[in-house]
1. Out of all the residues in region 161-179, is one or more charged (D, E, K, R), touching a Lys or Arg at 6+ places or on another chain (Cβ under 9 Å) and within 16 Å of ligand 2 (Cβ to nearest atom)?
2. For region 125-146, indicate whether the set of residues that are part of a helix (DSSP H, G or I), in the same structural domain as Ile186 (by TED's automatic domain parsing) and β-branched (Val, Ile, Thr) is non-empty.
3. Right, Thr101: away from ligand 2 (no atom under 16 Å from the Cβ), at negative phi, in contact with a Cys (Cβ under 9 Å, 6 or more places away or on another chain) and among the polar types (S, T, N, Q) or not?
4. Looking at region 315-326, I want the residues that are in the same structural domain as Gly344 (by TED's automatic domain parsing) and have a partner that is not in a helix (DSSP H, G or I) with Cβ atoms under 7 Å, at least 6 apart or on another chain. Which pairs are those?
5. If I filter region 133-140 for residues that are among the β-branched types (Val, Ile, Thr), within 16 Å of ligand 2 (Cβ to nearest atom), within 30 Å of Ile2 (Cβ to Cβ) and under 23 Å from the mean Cα position of the chain (by Cα), do I get at least one hit?
6. For region 238-304, list the helices (runs of 4 or more DSSP H) that sit wholly inside it and hold at least 3 residues that are under 18 Å from the mean Cα position of the chain (by Cα), within 16 Å of ligand 2 (Cβ to nearest atom) and in the same structural domain as Asp314 (by TED's automatic domain parsing); which are they?
7. Enumerate the pairs (first residue in region 139-151 and under 20 Å from Ile241 (Cβ atoms); second residue anywhere and among the charged types (D, E, K, R) and not in a strand (DSSP E or B)) with beta-carbon separation below 6 Å, excluding pairs fewer than 6 apart on the same chain, so at least 6 apart or on different chains.
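The values are calculated or read from the model by the stated rules, or taken from the named source; none is laboratory data. Here the structure is a predicted model, which means the values were calculated and not measured. We place every Cβ from the backbone using ideal geometry, glycine too, and count neighbours over all the protein chains shown.
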Amino acid sequence: MISKDIKEYGLSIGYTKVGITSADNFTEYVAEVVSRGDKYDILNFTTTNPVHGATPKNIMQEAKSVIVLIWDYFQNDFPEELKKMIGKIYLARCYNPLPGTIAYSRLQLMKSYLSNNGCMVNSDIGIPARWAAAQAGVTTFGKNNFAYVDDAGSYIVISAIVVDMEMDYDQPTMESKCPPNCKACINACPTKAIYEPFKLDPKKCISFNNWMTQDGRGSISAFIPYELRETIGCKIHGCDICQDICPLNQKKLKTPKAVDRYIEQIGQDITLPAILNMTDEFFTNRIKPIMYNYIKDKRYFMRNAAVAMGNSKDQKYVKDLEIALVNPDEMIREYSAWALGKMGGQDSRSVLESRLANESSDNVKKAIKQALA
Ligand code: SF4
Ligand code: SF4
């Protein structure tokens with residue numbers, strides 16, 4: 001099997017680009033991650049451990065090559081109200097796709113093709129996908145740390161498949177196509193997570209904070225720092241700000257697209273009040289089909305909805321937060337108190353004062369007092 005055949009097969013089943021690199025091309029990546037100190041230590045215990053995955057032989061002893069597949073996930077558009085709350089990559093449902101989906105089946109087709117042609121194959125989420133893609137000559141880097149493809153911009157999913165065969169390798173494209181003076185992404189980031197071009201502090205990034213802050217994640221606390229909460233705005237899962245502002249993405253953003261009918265259908269139900277006080281049924285039928293990757297317990301979506309409501313300062317949410325303020329889950333009550341304090345106004349104060357008299361948790365009492373201060 002030759003590299004050309006692999007690429008043609010990948011394109012024939014819909015991938016936007018296919019490139020191939022050696023499994024030995026990750027040494028510089030490891031050095032770069034290590035040079036960033038403790039910024040990425042939060043990932044060390046996850047399946048995306050940035051150093052473990054950068055040695056393809058850790059994933060498969062016989063690793064020789066890495067085949068990189070690019071999928072343009074922004075081919076259909078999504079309702080504006082949802083795009084304000086949820087990253088488009090999640091709405092597109094193709095990142096680490098679930099079995100039974102088209103995206104999952106496409107990746108399986110590619111793996112079957114390789115297996116049927118004599119390759120031992122392994123794909124692992126831990127492979128540093130953006131690095132592999134640039135090494136395989138299919139993407140360039142943006143100063144916002146995203147990988148870019150002409151036409152699709154940064155709205156891409158990268159899949160990497162490790163194989164045990166040597167192949168013809170593509171010329172790396174480790175460069176950037178950012179205009180030299182452009183800093184639009186850096187300036188637009190509300191949390192200043194991009195601390196210099198091509199460098200991100202994930203601990204400050206909204207996308208990471210939406211999901212990393214869960215209990216049972218090593219040294220990471222479920223507590224979202226107050227100063228970060230205020231900058232999260234109305235994002236409940238993911239953040240596209242530094243991509244949507246980017247001049248390299250404007251052509252893709254402005255290209256007319258048909259609406260994603262499935263998201264249009266179920267999206268009518270996905271509102272902040274519905275998320276804040278969601279039932280198990282809502283979680284199963286409305287949240288999990290889209291945001292299945294990182295948050296497995298509905299309470300963190302409920303918490304994120306409380307933060308979003310507080311930041312909106314929209315008084316129409318006072319009633320919803322009042323309901324959440326008696327939720328059996330202490331965390332939901334605590335964040336709802338914070339949100340009511342952020343919202344301000346007499347109605348919020350009345351709700352908080354009335355709850356303070358009946359609240360049993362010291363943490364929540366403290367949050368209510370802070371909200372009233
Ligand atoms: S995803 Fe959002 S928070 Fe993270 S770097 Fe980009 S703009 Fe900043
Ligand atoms: S906004 Fe400018 S600097 Fe940032 S990734 Fe896009 S082109 Fe590069």
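1. No, the conditions are met nowhere in region 161-179.
2. Checked against the condition, which is being part of a helix (DSSP H, G or I), in the same structural domain as Ile186 (by TED's automatic domain parsing) and β-branched (Val, Ile, Thr), region 125-146 yields no hits at all.
3. So Thr101 passes the test.
4. Here the result reads Gln315/Gly345; Asp320/Asn277; Ile323/Asn277; Ala324/Asn277, each pair linking region 315-326 to a residue that is not in a helix (DSSP H, G or I).
5. Looking for residues that are among the β-branched types (Val, Ile, Thr), within 16 Å of ligand 2 (Cβ to nearest atom), within 30 Å of Ile2 (Cβ to Cβ) and under 23 Å from the mean Cα position of the chain (by Cα), one finds at least one in region 133-140, hence yes.
6. none
7. If the second residue must be among the charged types (D, E, K, R) and not in a strand (DSSP E or B), the pairs left are Ala147/Arg130.
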